[in-house]
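Have a look at the structure below, then the notes.
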Amino acid sequence: MNAMIDRYAVFGHPIAHSKSPRIHAEFARQTGQALTYEAIEAPLDGFPYAISAFRAAGGCGCNVTVPFKEQAYQLASLRTDRADAAGAVNTLRFDGPDILGDNTDGAGLVNDLVGNLDFDPAGLRILLLGAGGAARGVGLPLMERKPAELFIANRTAYKARELSSRFDCYGGGYDALPGRQFDLVINATAASLAGDLPPMPDDIFARGALAYDMMYGRDTPFLTFARERGAKVADGLGMLVEQAAEAFFVWRGIRPETAPVIKLLREA
Ligand code: ATR
């Protein structure tokens, strides 16, 4: 009987192209956990209702994606430190009367860097491009890795300064970048979506630098720019799978293997 199987889901708008159901189905198979995971499109003005309906129907927890991560933060009755630091939640767990809100995006990025790409940010100079939701999620976990420096650059400079004060690092506009080099440059802007390139100086990459685009599934102008300037490059597919694994751990207490799932998605 299906009623016995624990239900999970991802909520977003749009959500049709989400890879999360595929990823969690793989995790469940691999770990022998009996659960279902579906993609649910919540109406733009109906996120809280969609969550309570899912909970009432036996949902155990869910992921939350664009544009509902801030609303999910508001909905949570308990929050982890990394959710508080982000001001956004991508993972909810229904605990009796409580709703635990967590944010696994930053852990996903750090685990991809350290575990899959063999690129530990400890002691390195990090440049984070963008100050929107995607950047907010990763600030605290990056700082916890003890980089030499984290600088947040954003088109709208005050947002970068505001965000940097949350993480006790530095921030400003792109005009602060000329003359500086970084070992790790992370693109957390929405520029790639529009086929745009954040306005970085030509010599931004230090020797051996890694350019990381949180986007995945296509070669972005950012990655092309970086490759042409001798940087190593990575897209965000590893982060996607790692944030999912971290959410799976929050719900089930078991850590799935990520490498085979990343490989599977790359080949798909
Ligand atoms: P997300 O949740 O994906 O981060 P968001 O909150 O809308 O989305 O934030 C988008 C980010 O991409 C912002 O940092 C935005 O810069 P502004 O704050 O100045 O708007 C950045 N961004 C979007 N298009 C960009 C472009 N063409 N060049 C540089 N930055 C861009």
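The values are calculated or read from the model by the stated rules, or taken from the named source; none is laboratory data. Note that the structure is a prediction, hence the values are computed from the model and not measured. Please note: Cβ atoms are built from the backbone with ideal geometry, for glycine as well, and neighbour counts cover all protein chains shown. We work out accessible area using only protein heavy atoms, side chains counted, and drop any ligands, DNA or RNA first. Shrake-Rupley method; radii C 1.70, N 1.55, O 1.52, S 1.80 Å.
Brief remarks on what is shown
- Residues in segment 29-54 that are outside any strand (DSSP E or B) and touching a residue at least 40 places away in the same chain (Cβ under 8 Å): Gln30, Thr31, Gln33, Ile51, Phe54.
- In segment 242-254 there is no residue that is aliphatic (A, V, I, L, M), under 18 Å from the mean Cα position of the chain (by Cα) and open to solvent by 30 Å² or more (accessible area, probe 1.4 Å).
- Lone qualifier among Arg22, Arg7 - being within 21 Å of Pro260 (Cβ to Cβ) and open to solvent by 50 Å² or more (accessible area, probe 1.4 Å): Arg22
- Hits in segment 197-239 (condition: within 14 Å of the ligand (Cβ to nearest atom), at pLDDT 95 or above and open to solvent by 70 Å² or more (accessible area, probe 1.4 Å)): Leu197, Pro199
- In segment 156-173, residue surrounded by the fewest Cβ atoms within 10 Å (Cβ to Cβ) [restricted to those that are closer than 27 Å to Asp120 by Cβ and either of a type in the set (Ser, Thr, Tyr) or in contact (Cβ under 8 Å) with a residue 40 or more places away in the chain (or both)]: Ser165
- Candidates are the residues of segment 160-181 that are near the ligand (Cβ under 10 Å from one of its atoms) and either modelled with pLDDT under 95 or under 19 Å from the mean Cα position of the chain (by Cα) (or both); the one that is farthest from Ala85 (Cα to Cα) is Ala160.
- Restricting attention to segment 182-196, the residues that are within 16 Å of the ligand (Cβ to nearest atom) and open to solvent by less than 40 Å² (accessible area, probe 1.4 Å) total 7.
- Considering segment 58-155, the qualifying strands (runs of 3 or more DSSP E), each wholly inside and each with 2 or more residues that are away from the ligand (no atom under 16 Å from the Cβ), under 22 Å from Phe248 (Cα atoms) and touching a residue at least 24 places away in the same chain (Cβ under 8 Å), run over 59-64, 91-95, 98-102.
- Members of segment 156-176 found to be among the basic types (Lys, Arg) and farther than 13 Å from Val138 by Cα, listed by number: Lys159, Arg161
- Within segment 106-133, being farther than 17 Å from Lys146 by Cα and surrounded by fewer than 20 Cβ atoms within 10 Å (Cβ to Cβ) holds for Asn116, Leu117, Gly132, Gly133.
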